[in-house]
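Let me give you the structure first, and then I'll get to my questions.
The values are calculated or read from the model by the stated rules, or taken from the named source; none is laboratory data. Because the structure is a prediction, the values reported are computed rather than measured. Note: ideal-geometry Cβ built from the backbone for every residue, glycine included; neighbour counts use all protein chains shown. Side chains are part of the model used for accessible areas, which takes the heavy atoms of the whole protein and leaves out ligands, DNA and RNA. Shrake-Rupley method; radii C 1.70, N 1.55, O 1.52, S 1.80 Å.
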Amino acid sequence: MNPKTTPGALQAQVSGSSFYAGMRVLPKAEREAMYAVYAFCRAVDDIADDQQGDAEGRRAELEAWRADIDSLYAGGDAGRAALVADAVQHFQLNRTDFHAVINGMLMDVERDIRWPDFQTLDYYCDCVASAVGRLSVKIFGMEPQHGLDLAHHLGRALQFTNILRDIDEDAAIGRVYLAREHLAAAGVDPTTPAELARDPRVDHAARALAVKAHEHFAAAHAILQARPKGHLIAPRLMGAVYEKILSRMEAQGWQPPRKRIKVNKVALIFTVLRLMAVR
């Protein structure tokens with residue numbers, strides 16, 4: 001992380017994140033690039049989730065980020081996008097992936113997402129998670145096809161898991177990311193996010209999404225087990241930690257009241273050490 005281009009608050013968020021230890025095992029250039037991408041994602045995510053700001057103002061801020069990204073790629077004044085300038089240059093990151101992340105954040109701003117159809121949910125996850133994966137696998141040095149496949153599957157697996165972990169937090173800000181089809185199969189006819197969060201039948205809908213998450217985790221594991229080229233400890237770590245969170249949620253169930261599953265930092269460190277030993 002370059003303190004000259006990374007705002008202090010974002011530096012604190014990066015250094016305090018669950019995967020800080022995992023990213024530290026990367027070579028310096030890759031590590032700095034991943035911190036920059038992470039900081040970009042946190043910055044635009046904070047705009048999308050700012051409940052104090054009006055939608056028009058948040059939309060304008062996100063479009064300002066898009067303009068800065070475009071200026072960076074055009075060789076102009078990068079503005080806030082200077083945060084990722086070195087990463088873009090060294091790893092040939094694609095502008096379309098930064099745009100995709102912003103597009104996903106705009107979906108949250110333009111309308112609070114509530115029980116989308118699964119196709120819309122999948123597109124949203126591609127924007128906010130798999131696009132980040134596409135940026136990451138270039139930094140990890142993966143070959144294009146293996147990298148794209150891993151980003152597709154691991155991104156969705158991680159985002160589906162986040163959705164299942166954050167049901168109550170999302171409902172509190174007026175959002176529900178559970179798919180309409182899964183809710184209908186559970187017999188839930190949603191009215192408001194708060195009512196849906198209190199409905200015990202949410203457990204059935206959540207388990208349907210958990211099945212999808214496991215399918216993507218399995219596909220990601222198959223790619224990683226083939227030992228493709230690249231620095232793969234970080235994606236292995238994310239897969240191992242998040243699949244364990246998913247399994248713990250399944251054992252607990254999603255009937256209210258729900259207890260949020262947290263990452264055990266001691267276990268995280270041991271996972272990092274184990275992955276380093278077998279890489």
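Does Leu148 satisfy the criteria of being in a helix (DSSP H, G or I), touching a helix residue (DSSP H, G or I) at 6+ places or on another chain (Cβ under 7 Å) and open to solvent by less than 50 Å² (accessible area, probe 1.4 Å)?
On the way: in a helix (DSSP H, G or I): yes; touching a helix residue (DSSP H, G or I) at 6+ places or on another chain (Cβ under 7 Å): yes; open to solvent by less than 50 Å² (accessible area, probe 1.4 Å): no.
It is false that Leu148 is in a helix (DSSP H, G or I), touching a helix residue (DSSP H, G or I) at 6+ places or on another chain (Cβ under 7 Å) and open to solvent by less than 50 Å² (accessible area, probe 1.4 Å).
Please work out if Glu61 is in a helix (DSSP H, G or I) and either surrounded by fewer than 15 Cβ atoms within 10 Å (Cβ to Cβ) or of a type in the set (Lys, Arg) (or both). Before you say what the answer is, go through the steps one by one.
On the way: in a helix (DSSP H, G or I): yes; either surrounded by fewer than 15 Cβ atoms within 10 Å (Cβ to Cβ) or of a type in the set (Lys, Arg) (or both): no.
So Glu61 does not fit the description; no.
Out of segment 108-117, which residues are within 20 Å of Leu158 (Cα to Cα) and open to solvent by less than 20 Å² (accessible area, probe 1.4 Å)? Reasoning before the result, please.
Just the residues of segment 108-117 that are within 20 Å of Leu158 (Cα to Cα), to begin with: 108, 113-117.
Once the filter is applied, which keeps residues that are within 20 Å of Leu158 (Cα to Cα) and open to solvent by less than 20 Å² (accessible area, probe 1.4 Å), segment 108-117 yields Asp108, Ile113, Pro116.
Which numbered condition in (1) under 19 Å from Phe118 (Cα atoms); (2) of a type outside the set (Asp, Glu); (3) surrounded by fewer than 22 Cβ atoms within 10 Å (Cβ to Cβ) is the only one that Ala194 fails?
The failed condition is (1).
Identify, from the list Ala218, Ala213, Ala185, the residue that is crowded, with 17+ Cβ neighbours inside 10 Å, at pLDDT 95 or above, closer than 25 Å to Pro116 by Cα and of a type in the set (Gly, Ala, Ser). Steps first, answer last, please.
Numbers: Ala218 fails: crowded, with 17+ Cβ neighbours inside 10 Å; Ala185 fails: crowded, with 17+ Cβ neighbours inside 10 Å.
Every option except Ala213 fails the conditions.
Run Thr120 past the list (1) among the hydroxyl-bearing types (Ser, Thr, Tyr); (2) free of Cβ contacts under 8 Å to residues at least 24 places away in the same chain; (3) buried (at least 17 other Cβ atoms within 10 Å of the Cβ) and report the number of the one that doesn't hold.
Failed condition: (3).
So that you can scan it fast, the table gives a plain yes or no per residue for (1) open to solvent by less than 50 Å² (accessible area, probe 1.4 Å); (2) assigned to a helix (DSSP H, G or I); (3) at pLDDT below 65; (4) more than 19 Å from Val263 (Cα to Cα):
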residue: Met23; (1), (2), (3), (4): yes, yes, no, no
residue: Leu26; (1), (2), (3), (4): yes, no, no, yes
residue: Phe40; (1), (2), (3), (4): yes, yes, no, yes
residue: Ala43; (1), (2), (3), (4): yes, yes, no, yes
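I'd like to know if segment 86-106 contains one or more residues that are within 30 Å of Glu195 (Cβ to Cβ) and surrounded by fewer than 21 Cβ atoms within 10 Å (Cβ to Cβ).
The initial filter retains those residues of segment 86-106 that are within 30 Å of Glu195 (Cβ to Cβ), namely 103-106.
From what is left, the residues that are surrounded by fewer than 21 Cβ atoms within 10 Å (Cβ to Cβ) are 103, 106.
So far as segment 86-106 goes, yes, one or more of its residues are within 30 Å of Glu195 (Cβ to Cβ) and surrounded by fewer than 21 Cβ atoms within 10 Å (Cβ to Cβ).
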